[in-house]
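Structure first, commentary second.
Quick note: the coordinates plus some simple rules give every number you see, no bench work behind them. None of these values were measured; they are calculated from a predicted model. So basically every Cβ, Gly included, is an ideal-geometry build from the backbone, and we count neighbours across all protein chains shown.
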């Protein structure tokens, strides 16, 4: 039996039903908050496009898997695992986002090395009160 995993910030029932229709899945099972397995899908046609349109993540699997079944998961966090660039959002709450974002952009263009860009950005945030970090976490950080 194969599985189609679907997850997202807000997974709506009509969207799940449409993905089940597109894939020919036999059954929808909730596996967590905003995470689902669609059992025994028949086709992958149209699923990627629909998920992109509805901002849902998906994975076609030959068997259901749990995170506990992996030994290691490594990935970039900012704008990959989460929807924001943390350091830019911290800087925004301090009123210096343009300066920090300019350094970030320079590093992304390869004009300066990552370690140098990080040092420059952190220097701008020196003395930051830790309550700003809590605000970014509570108000802006989303998977």
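Tabulated values for the structure
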{"item": "Whole-angstrom gap from the range 78-143 to the range 12-52, using each part's C-alpha centre", "result": "36 Å"}
{"item": "Angle in degrees between helix 97-108 and the longest Cα principal axis of the chain, rounded to the nearest 10", "result": "70 degrees"}
{"item": "Rounded tilt (10° steps) of 114-124 against the dominant C-alpha axis of the chain", "result": "60 degrees"}
{"item": "Separation in nanometres of the label points that stand 7 Å from Cα toward Cβ, at residue 1 and residue 40", "result": "0.8 nm"}
{"item": "Length-normalised contact order of the chain in % [C-alpha pairs under 8 Å, at least 6 apart]", "result": "22 percent"}
{"item": "Ranking of 70, 58, 36 by count of other Cβ atoms within 10 Å, fewest first", "result": "70, 58, 36"}
{"item": "Spin-label proximity, residue 111 to the range 71-87 - amide N less than 17 Å from point 7 Å beyond Cα toward beta carbon", "result": "none"}
{"item": "Ranking of 131, 104, 83 by count of other Cβ atoms within 10 Å, fewest first", "result": "131, 83, 104"}
{"item": "Zero-based 10 Å bins, Cα pair distances in the range 33-106, whole percents", "result": "13, 31, 27, 19, 9, 0"}
{"item": "From the C-alpha gyration tensor of the chain, square roots of 5λ in Å", "result": "39, 16, 14"}
{"item": "Largest-first principal axis extents of the Cα set of the range 74-116 (Å)", "result": "31, 24, 14"}
{"item": "Sum of -39500 (n - 2.57) over DSSP H runs of 4+, divided by residues of the chain (222 nm, nearest 500)", "result": "-12000 deg cm²/dmol"}
{"item": "Acute angle (nearest 10 degrees) that the helix 13-23 long axis makes with the longest principal axis of the chain, alpha-carbon atoms", "result": "60 degrees"}
{"item": "12 Å tail of the calculated P(r), the range 20-71, as % of Cα pairs", "result": "68 percent"}
{"item": "Residues in the range 121-135 that a label on residue 84 would reach, taking backbone N under 11 Å of a point 7 Å out along Cα→Cβ", "result": "132-135"}
{"item": "Residues 22, 125, sorted so that the one with the fewest Cβ neighbours within 10 Å comes first", "result": "125, 22"}
